[in-house]
Amino acid sequence: MHVVICGGGVIGASIAYFLSLRGVEVTVVERSGVACAASGKSGGFLALDWCDASPLQLLARRSFALHAELAETLEADWGYRRLDTLGVLASDSRDFSSSRALRTPPWLGPETAVHGRLGTEASTAQVHPGDFTKAMMQAAGARGARLRLGAIESVRLGDDGKRATGVIVDGAVLEADAVVIAMGPWSVLACQWLPLPAVYGLKGHSFVFHYQPPSTPHALFLEYEDQRGEVDSPEVFPRTDGTTYVCGARGHDPLPIDPDHITIESGPSARLMRQIERFAPDLAASEIVATQACYRPVTEDGLPLIGPVPGVSGAYIATGHSVWGILNAPATGEAMAELLVDGEAKLDLSAFDPARLRVLPAEDVGPAPAL
Ligand SMILES: Cc1cc2nc3c(=O)[nH]c(=O)nc-3n(C[C@H](O)[C@H](O)[C@H](O)COP(=O)(O)OP(=O)(O)OC[C@H]3O[C@@H](n4cnc5c(N)ncnc54)[C@H](O)[C@@H]3O)c2cc1C
């Protein structure tokens, strides 16, 4: 069986890895570069139980365990570590010095206060998401998976239109027994080729600083109130490579067809930087390694699409993981490999069945993009 995976983000790379473990012939087709989009620019925060009491619970718990297992068993280092996670209040104008519930890390500014422990080393962890994605692709490659750079232009169907027989990459046919759409927010392009529900891209901005906190590293989730009373939620993740990642400000530009054309919007990124200057002045003053933006893939009901494309045999989709794509990639990869090889996944995927949502009519995707 030859499986073509469209998209070399964390989801595509994880599916490739778990298929390669089963001895399946795999080609990942990636338009720009492995982890070039959200999978390389996200926080990489992992939580065992933050999806509990939601349909994501089992996927998240299995993924959290797999992250630990992969860090143990694979050779590469992608900065996996367990760490405590704190909730922090911050404000442009309020003095929190009297409302500090726990000791506030000394590198945070005076207008901050830790209000609670959101996770411990038993329940929260982190990875460098780009390094993790590349390591999964590399491990798949070591077992024979191929990476092909090129843009998927469409999915090829058999004469009856009910069977996927391959894809068109940069004008050339690439034959396959099964095709998996894993193009993150760009999976919406596949609505022109297959009966699939919509996928949207929500944009976020982030900075990476050359900065290592002078005390025990914690993942921080802030509630930042500005002078007008508006509240933002920046997230801060010190990493093992001596950098610290901060994300938060939402962007508004529509998703460009080419991932390399994502722009940094000056308003949101300046707003995020102003907040960092207030809540962590030393961090803001350190060298900036990256100023970046990316889009997380979301669906109409906020749950991922993981499973077969209704009515087209050999066609599958795995996307829409929203804020938990790095966390949930391993169990998604494992489940997709089981689905493709065994015909059924051990994990119950019914909540993620693509057939649960309305199909987006091809004409609503807009004219065929100039790939
Ligand atoms: C600011 C921010 C912070 C986040 N923080 C976290 C976090 O802390 N923890 C967590 O679990 N999740 C986090 N996420 C979510 C996570 O990053 C995403 O859910 C995940 O990266 C999505 O992975 P993906 O593989 O589906 O998509 P992507 O990473 O977008 O990959 C899709 C790939 O498809 C390729 N592609 C596009 N068009 C084509 C084409 N025509 N042909 C071939 N290839 C194509 C792209 O180049 C890209 O490489 C965050 C997201 C954002 C935006």
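At q = 0.23, 0.32 Å⁻¹, what is the base-10 log of I(q)/I(0) for segment 302-343 according to the Debye formula with one equal point scatterer per Cα and no solvent? Please give it to two decimals.
At q = 0.23, 0.32 Å⁻¹ the computed log10 ratios are -0.78, -1.14.
Counting other beta carbons within 10 Å of each residue's own, what order do Cys51, Cys247 fall into, fewest first? Working shown, then result.
Working: Cys51 19, Cys247 22.
Least to most surrounded, the residues fall as Cys51, Cys247.
Let me know the charge dipole size of segment 79-194 about its Cα centre in debye, to the nearest 20, where only the beta-carbon of Lys, Arg (+1) and Asp, Glu (-1) is charged.
Numbers: 13 positive and 12 negative charges, 84 e Å.
It works out to roughly 400 debye.
Quick one: order Met137, Met273 by neighbouring beta-carbon count within 10 Å, fewest to most.
The most exposed by this proxy come first: Met273, Met137.
Find the Rg to Rh ratio for segment 23-126, where Rh is the Kirkwood radius over alpha-carbon pairs and Rg uses the same atoms. It would help to have the intermediate numbers written out before the result.
Details: Rg = 18.4 Å, Rh = 16.9 Å.
The Rg/Rh ratio comes out at 1.09.
Give a residue-ordered list of calculated ³J(HN,Hα) values for segment 70-87 (Karplus: 6.51 cos²θ - 1.76 cosθ + 1.60, θ = phi - 60°; whole Hz; x for Gly, Pro).
Each residue's phi maps through the Karplus curve to give 5, 5, 6, 9, 8, 5, 5, 10, 10, x, 5, 7, 7, 7, 6, 10, 10, x Hz.
For segment 289-344 and segment 192-249, write down the distance between their C-alpha centroids in whole Å.
21 Å
Using unit Cβ charges (K, R positive; D, E negative) and no other charged atoms, how large, in debye to the nearest 20, is the dipole of segment 250-318 about its Cα centre? Please report the intermediate quantities before stating the final value.
Details: 5 positive and 9 negative charges, 42 e Å.
Approximately 200 debye in magnitude.
Give the residue from Ala35, Pro55, Leu74 lying farthest towards the positive end of the charge dipole for segment 21-77; charges sit on Cβ (+1 for Lys and Arg, -1 for Asp and Glu) and the dipole is referred to the Cα centre.
Among Ala35, Pro55, Leu74, the one farthest towards the positive end of the dipole of segment 21-77 is Pro55.
On a full-extension model of 0.36 nm per residue, what is the gain between Asp258 and Leu202, subtracting their alpha-carbon distance, rounded to one decimal in nm? Write out the running numbers ahead of the final one.
On the way: separation 56, 0.36 × 56 = 20.16 nm, distance 1.56 nm.
Extra length available between Asp258 and Leu202 comes to 18.6 nm.
Which residue, chosen from Val208, Val155, Thr124, occupies the Cα position most advanced towards the positive end of the dipole of the chain, where the dipole is computed from +1 (Lys, Arg) and -1 (Asp, Glu) charges on Cβ about the Cα centre?
In the chain, that residue is Thr124.
Using helices alone, I'd like the mean residue ellipticity at 222 nm for the chain: each DSSP H run of four-plus residues gives -39500 (n - 2.57), total over residue count, nearest 500. Before the final figure, lay out each step's value.
Details: 7 runs with 83 residues, N = 371.
Per the formula, -7000 deg cm²/dmol.
If I build a Gaussian network model for the chain, linking alpha-carbon pairs within less than 10 angstrom, which residue out of Tyr295, Tyr211, Tyr17 has the largest mean-square fluctuation?
Among Tyr295, Tyr211, Tyr17, the largest mean-square fluctuation in the Gaussian network model of the chain belongs to Tyr211.
Compute the semi-axes of the equivalent ellipsoid of the chain, taking the square root of 5 times each eigenvalue of the Cα gyration tensor, and list them largest first in whole Å.
On the way: eigenvalues 275, 92, 66 Å².
Listed largest to smallest, the semi-axes of the chain are 37, 22, 18 Å.
Subtract the Cα-Cα distance of Ala172 and Ser54 from 0.36 nm times their separation in residues, and report this length gain in nm to one decimal.
38.3 nm
Working only with C-alpha atoms, what are the Rg and Dmax values of segment 95-240, expressed in angstrom?
23.0, 71
Rg and Dmax of segment 160-253, using alpha carbons, in Å: what are they?
21.0, 63
Where is the GNM fluctuation largest for the chain (alpha-carbon springs, 10 angstrom cutoff): Glu30, Glu75, Glu175?
So, out of Glu30, Glu75, Glu175, the one fluctuating most is Glu75.
So for the pair Leu149, Asp353, with labels modelled 7 Å out along Cα→Cβ, what separation do we get in nm?
If labels sit at Leu149 and Asp353, their model points lie 4.1 nm apart.
Between segment 134-166 and segment 28-69, what is the C-alpha centre distance in whole Å?
Centre-to-centre (Cα) distance: 21 Å.
Mind telling me which of Val246, Val312, Val298 comes out most flexible in a GNM of the chain, alpha-carbon contacts under 10 Å?
Greatest mean-square fluctuation among the candidates belongs to Val312.
Mind checking the dipole of the chain: about its Cα centre, +1 per Lys or Arg Cβ, -1 per Asp or Glu Cβ, Debye to the nearest 20?
Working: 29 positive and 44 negative charges, 50 e Å.
Using only the charged Cβ atoms, the result is roughly 240 debye.
Every read-out reported here was derived from the displayed coordinates using simple, explicitly stated rules and does not represent laboratory data. None of the values given here were measured: they were computed from a predicted structure. Cβ sites come from the backbone with ideal geometry, for glycine too, and all protein chains shown count toward neighbours.
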